[in-house]
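Notes follow the structure.
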Amino acid sequence: MAKTLDRIGDWSKIKPIVYKNTQVLVVSNSIIITENAQAHFSKLLEQQPEGTNIRVFVVNPGTPNAECGVSYCPPEAVEASDTEFTFGSLSAFVDELSLPFLEDAEIDYVTDKMGSQLTLKAPNAKMKKVADDASLMERVDYAIQTQVNPQLAGHGGHVSLVEINDDGVAIVAFGGGCNGCSMVDVTLKEGIEKELLNQFEGELTAVRDATEHDRGEHSYY
């Protein structure tokens with residue numbers, strides 16, 4: 001039988017909040033499913049065999065190739081190691097491996113001029129969220145992987161943390177489309193450095209590029 005947080009008396013982990021003008025149940029260290037998404041899933045599940053719910057999962061969790069998904073979950077597909085989160089009449093099952101990578105994940109169903117679509121944002125899919133008391137190196141690396149690199153991915157680029165020296169200077173290395181890019185200095189100073197210094201005020205003093213740039217067809221600019 002799957003572990004069910006709201007059926008074992010652990011109500012301290014479940015808090016009602018107003019999210020996008022909608023009250024939803026938020027399970028600490030887990031996912032948010034908005035009211036719109038819940039209604040969308042409920043309509044889909046009405047067409048499935050009785051007892052079918054949804055499964056939220058991450059393929060290749062903790063890697064740069066991590067991808068999130070949602071699928072139907074019939075009763076026979078529920079594993080004893082699964083965790084069940086209930087949202088009204090809807091249950092979402094998460095496997096043991098995916099669970100830590102779905103922290104702070106958000107599932108929504110949005111409608112705009114282009115139509116309606118289901119969105120799933122999982123900022124920790126590629127890397128587990130680090131503790132507040134983790135080392136500076138771990139916290140800065142987490143910020144780079146979850147906040148900076150998703151912005152660079154559109155240009156086919158990425159950046160990695162090499163070290164943080166005794167003066168609080170973060171040394172980074174660019175790769176992909178950022179390697180050899182003529183705009184890399186702007187990206188570093190106006191983007192990455194400002195973001196990291198603001199987030200780690202008093203801990204970081206600067207961000208420096210240690211990349212041996214080799215301009216070529218891979219370079220974005």
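The values are calculated or read from the model by the stated rules, or taken from the named source; none is laboratory data. Only a predicted model underlies this, so the values are computations on that prediction, with no experimental measurement involved. A quick note on method: Cβ atoms are made from the backbone with ideal geometry, for glycine too, and the neighbour counts reach across all protein chains shown.
Below is a table of values for the structure above.
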read-out	value
Hey, K194 surrounded by 13 or more Cβ atoms within 10 Å (Cβ to Cβ), free of Cβ contacts under 8 Å to residues at least 40 places away in the same chain and out of contact with any helix residue (DSSP H, G or I) (no Cβ under 7 Å at 6 or more places or on another chain) or not	no
Segment 156-194, residues that are of a type in the set (D, E) and farther than 11 Å from V140 by Cβ	D166, D167, D185, E190, E193
Unique residue being surrounded by 11 or more Cβ atoms within 10 Å (Cβ to Cβ), within 13 Å of the chain's Cα centre (by Cα) and assigned to a loop (DSSP other than H, G, I, E, B) when the list is P123, P100	P123
Positions within segment 127-155 being small (G, A, S), under 18 Å from F101 (Cα atoms) and part of a loop (DSSP other than H, G, I, E, B), in sequence order	A131, A134
Which numbered condition G177 fails, given (1) assigned by TED's automatic domain parsing to the domain that holds G51; (2) out of contact with any Asp or Glu (no Cβ under 8 Å at 6 or more places or on another chain)	(1)
Scope segment 26-77; condition hydrophobic (A, V, I, L, M, F, W, C) and out of contact with any strand residue (DSSP E or B) (no Cβ under 6 Å at 6 or more places or on another chain); matching residues	A39, L44, L45, A77
Of the criteria (1) in a loop (DSSP other than H, G, I, E, B); (2) within 19 Å of V56 (Cβ to Cβ); (3) over 14 Å from the mean Cα position of the chain (by Cα), which one A92 fails	(1)
Candidate set from segment 156-167 (those that are out of contact with any Phe, Trp or Tyr (no Cβ under 6 Å at 6 or more places or on another chain) and within 24 Å of E103 (Cβ to Cβ)); member that is modelled with the lowest pLDDT	H158
Selected residue (criterion: farthest from A125 (Cα to Cα)) from residues of segment 65-74 that are at pLDDT below 90 and out of contact with any Lys or Arg (no Cβ under 6 Å at 6 or more places or on another chain)	N65
